[in-house]
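Visitor: What follows is a structure written as structure tokens; I'll ask about it next.
The values are calculated or read from the model by the stated rules, or taken from the named source; none is laboratory data. Quantities reported herein were computed from a predicted structural model and do not represent experimental measurements. Note that we place each Cβ from the backbone using ideal geometry, even for glycine, and neighbour counts take in every protein chain shown. SASA here: full protein model, heavy atoms, side chains in, ligands and nucleic acids out. Shrake-Rupley method; radii C 1.70, N 1.55, O 1.52, S 1.80 Å.
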Amino acid sequence: MSATSSSLNRRGFLASSAAVGAASLFPAAARAATQDGAIRRFHIDVPEEVLVDLRRRVLATRWPDRETVGDRSQGVQLAKFQELVSYWGTDYDWRKAEAKLNALPQFITTIDDVDIYFIHVRSRHPNVMPLIMTHGWPGSVYELLKTVGPLTDPTAHGGGAEDAFDLVMPSIPGYGFSGKPTGSGWDPDHIGRAWSELMKRLGYTRYVAQGGDWGAPISSAMARQASAGLVGIHINLPATVPPEVDAALAVGGPAPAGLSEKERVVFEALSTYRKTGGSAYNVMMTARPQAVGYGLTDSPAGLAAWILVHPGFGQWAYGDDLEKSPTKDEVLDDITLYWLTKTASSSARLYWENHGRGVISAVAQKTDEISLPVAITVFPEDIYRAPETWARRAYRNLIYFREVDKGGHFAAWEQPELFSAELRAAFRSLR
């Protein structure tokens, strides 16, 4: 990128200020929108002094004493974590992570006075289905990158050309390279409306949406709002918990009468999760996101420990198995992104904005108001494994439900080929 077409943005990263209107990048209908909606190219170039400062802070970590138990019940275990942090401060290379994103078409557009960063990869195949896919916390666009090839070029990954997608992957406001809202009101409903506007600016008049973690309530909000052009959604953290189960869980009570054996197993898993502090991070960020941010913005090790306490990392082996995704470097890509963009507080505020509305609660997520087609994939190692009976009760237009045999909370990261195959199958009837 030439110096004449670039300017240093407020985070110190290089971003183009020129609007993009090339026909090769966007559908023809988007050309006018790029003039009114100002879609700009984006390029990442973190100043070296910022990386030097990160390594200095990492290597100067002040450590607590070790845990008093032999498992993760008190949090990230000291010995394994020290190994990871030592690697972060000596051998980890952010430039490789930077190159992964810079190899893809990246853009910024401003919606409701907030800059929205997104990756937009168009398939080489004709007659594709546009797909907007949303990450969650403590994830980022990094958790989705391994699906780019399988989704946009399925013929190279065991699929057919008729299964190809144009892929739009935005960062949630307050996350990654997206802007940080300076006022309140950016809840999943607001983000859903912003995503609808983004797809409109890109010229897409018929598309689908996908999300796990925060991406699920955001995609569901789009479906509730019947966003213009949206024809269906796929979610892998569905809001299917029935009201009587919700009520029992809220007070720590026994399972409601009439549950099947499978439903009872799910109830007991959710009850144990709550009683053993599985959602402690959720409670704190919902209540006091600003308080959480001070330490996490000041200490990279503190940030990493907070991120790794998420139950989605409960079975992660710190990259010891080189064949298993995500690798040590990939997880550090994600953590480093949070550090460099200073998004500990701004990302946590989404929990506060959500006002404690349970993301897996059918009532809280108003699933009865969704009439658009809904597809669900359940991954066996996820935090919540929705029974099909609850899913069919929650969504009146459930067109696809499948339980697969591997994968967890970060399914796109952990099993990108399987995840992509699920999306192809889930959306096939909507093409």
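Visitor: Taking region 357-367 as the search range and keeping residues that are farther than 17 Å from Ile383 by Cβ and in a loop (DSSP other than H, G, I, E, B), which one is farthest from the chain's Cα centre (by Cα)?
Guide: Looking only at region 357-367, we keep the residues that are farther than 17 Å from Ile383 by Cβ, and these are 363, 366-367.
From what's left, in a loop (DSSP other than H, G, I, E, B): 363, 366.
Working: Val363: 23, Lys366: 21 Å.
Among them, the one singled out is Val363.
Visitor: Right, another one. Quick check on region 76-107: of everything there that is under 12 Å from Ala304 (Cβ atoms) and in a loop (DSSP other than H, G, I, E, B), which residue is modelled with the highest pLDDT?
Guide: Ranking the qualifying residues of region 76-107, first place goes to Tyr92.
Visitor: Would you pick out the residues in region 235-282 that are polar (S, T, N, Q) and within 13 Å of Tyr384 (Cβ to Cβ)? Give the steps one after another, and end with the answer.
Guide: Quick first cut of region 235-282, residues polar (S, T, N, Q) only: 236, 240, 260, 271-272, 276, 279, 282.
Residues satisfying the conditions are Asn236, Thr240, Ser271, Thr272, Ser279, Asn282.
Visitor: Quickly run through region 184-212 and pick out the residues that are more than 21 Å from His120 (Cβ to Cβ) and either free of Cβ contacts under 8 Å to residues at least 12 places away in the same chain or over 18 Å from the mean Cα position of the chain (by Cα) (or both).
Guide: Ser184, Gly185
Visitor: Still on this structure, please answer the following. Are there any pairs with C-beta distances below 6 angstrom linking a residue in region 242-257 that is within 13 Å of Ala364 (Cα to Cα) and touching a residue at least 40 places away in the same chain (Cβ under 8 Å) to a residue that is part of a loop (DSSP other than H, G, I, E, B) and open to solvent by 40 Å² or more (accessible area, probe 1.4 Å), with the two at least 6 apart or on different chains, and if so which?
Guide: Pro243/Val363
Visitor: What's the total number of residues in region 68-79 that are in contact (Cβ under 8 Å) with a residue 60 or more places away in the chain and loosely packed, with under 15 Cβ neighbours inside 10 Å?
Guide: Total meeting the criteria: 1.
Visitor: Now for a different question. Of all residues in region 262-287, count the ones that are over 16 Å from Pro242 (Cβ atoms) and not basic (Lys, Arg).
Guide: Of the residues in region 262-287, 14 are over 16 Å from Pro242 (Cβ atoms) and not basic (Lys, Arg).
Visitor: For region 315-345, give me the residue count where each residue is among the small types (Gly, Ala, Ser) and either in contact with a strand residue (DSSP E or B) (Cβ under 8 Å, 6 or more places away or on another chain) or crowded, with 23+ Cβ neighbours inside 10 Å (or both).
Guide: Taking region 315-345 and keeping what is among the small types (Gly, Ala, Ser), we get 317, 319, 325, 344-345.
Narrowing the set further to residues that are either in contact with a strand residue (DSSP E or B) (Cβ under 8 Å, 6 or more places away or on another chain) or crowded, with 23+ Cβ neighbours inside 10 Å (or both) leaves 344.
The number of residues fulfilling the criteria is 1.
Visitor: Oh, and also: Inside region 177-202, can you point out the residues that are over 18 Å from Leu372 (Cα atoms) and either out of contact with any strand residue (DSSP E or B) (no Cβ under 9 Å at 6 or more places or on another chain) or charged (D, E, K, R) (or both)? Full working, then the answer.
Guide: First, pick out the residues of region 177-202 that are over 18 Å from Leu372 (Cα atoms): 177-187, 190-191, 194, 197-198, 200-202.
Selection gives Lys180, Gly183, Ser184, Gly185, Asp187, His190, Glu197, Lys200, Arg201.
Visitor: Something else about it: For Ala239, state whether it is of a type in the set (Gly, Ala, Ser), assigned to a loop (DSSP other than H, G, I, E, B), surrounded by 24 or more Cβ atoms within 10 Å (Cβ to Cβ) and touching a residue at least 12 places away in the same chain (Cβ under 8 Å).
Guide: On the way: of a type in the set (Gly, Ala, Ser): yes; assigned to a loop (DSSP other than H, G, I, E, B): yes; surrounded by 24 or more Cβ atoms within 10 Å (Cβ to Cβ): yes; touching a residue at least 12 places away in the same chain (Cβ under 8 Å): yes.
Spelling it out, Ala239 is indeed of a type in the set (Gly, Ala, Ser), assigned to a loop (DSSP other than H, G, I, E, B), surrounded by 24 or more Cβ atoms within 10 Å (Cβ to Cβ) and touching a residue at least 12 places away in the same chain (Cβ under 8 Å).
Visitor: Take the residues in region 411-431 that are among the basic types (Lys, Arg) and either outside any helix (DSSP H, G or I) or open to solvent by less than 30 Å² (accessible area, probe 1.4 Å) (or both); name whichever of them is nearest to Gly211 (Cα to Cα).
Guide: Within region 411-431, the match that is nearest to Gly211 (Cα to Cα) is Arg424.
Visitor: Consider region 248-268. How many of its residues are hydrophobic (A, V, I, L, M, F, W, C) and open to solvent by less than 70 Å² (accessible area, probe 1.4 Å)?
Guide: Total meeting the criteria: 6.
Visitor: What tally of residues in region 178-229 results from selecting those that are in contact with a Lys or Arg (Cβ under 9 Å, 6 or more places away or on another chain) and within 19 Å of Met285 (Cβ to Cβ)?
Guide: Summing the residues that are in contact with a Lys or Arg (Cβ under 9 Å, 6 or more places away or on another chain) and within 19 Å of Met285 (Cβ to Cβ) in region 178-229 gives 8.
Visitor: Cβ-Cβ under 6 Å, sequence separation 6+ or interchain: first residue in region 213-224 and open to solvent by 10 Å² or more (accessible area, probe 1.4 Å), partner in a helix (DSSP H, G or I) and among the charged types (D, E, K, R). Which pairs?
Guide: Within 6 Å, the pairs are Arg224/Glu369.
Visitor: Confirm whether Val245 is open to solvent by 50 Å² or more (accessible area, probe 1.4 Å), part of a helix (DSSP H, G or I) and among the β-branched types (Val, Ile, Thr).
Guide: Details: open to solvent by 50 Å² or more (accessible area, probe 1.4 Å): no; part of a helix (DSSP H, G or I): yes; among the β-branched types (Val, Ile, Thr): yes.
No, not satisfied.
Visitor: Do you know which residues across region 368-404 are in a helix (DSSP H, G or I), of a type in the set (S, T, N, Q) and free of Cβ contacts under 8 Å to residues at least 60 places away in the same chain? Please lay out each step first, then the result.
Guide: Within region 368-404, the first condition is being in a helix (DSSP H, G or I), and the residues that meet it are 368-369, 388-394.
With of a type in the set (S, T, N, Q) added as a condition, the list becomes 389.
None - no residue of region 368-404 is in a helix (DSSP H, G or I), of a type in the set (S, T, N, Q) and free of Cβ contacts under 8 Å to residues at least 60 places away in the same chain, so the list stays empty.
Visitor: Residues of region 39-55 being surrounded by fewer than 17 Cβ atoms within 10 Å (Cβ to Cβ) and either at pLDDT below 95 or in contact with a strand residue (DSSP E or B) (Cβ under 8 Å, 6 or more places away or on another chain) (or both), which ones?
Guide: If the condition is that a residue be surrounded by fewer than 17 Cβ atoms within 10 Å (Cβ to Cβ) and either at pLDDT below 95 or in contact with a strand residue (DSSP E or B) (Cβ under 8 Å, 6 or more places away or on another chain) (or both), then His43, Asp45 are the ones that fit.
Visitor: Being open to solvent by 60 Å² or more (accessible area, probe 1.4 Å), closer than 30 Å to Arg57 by Cα, assigned to a helix (DSSP H, G or I) and among the aromatic types (Phe, Trp, Tyr): is that true of Tyr281 here?
Guide: no
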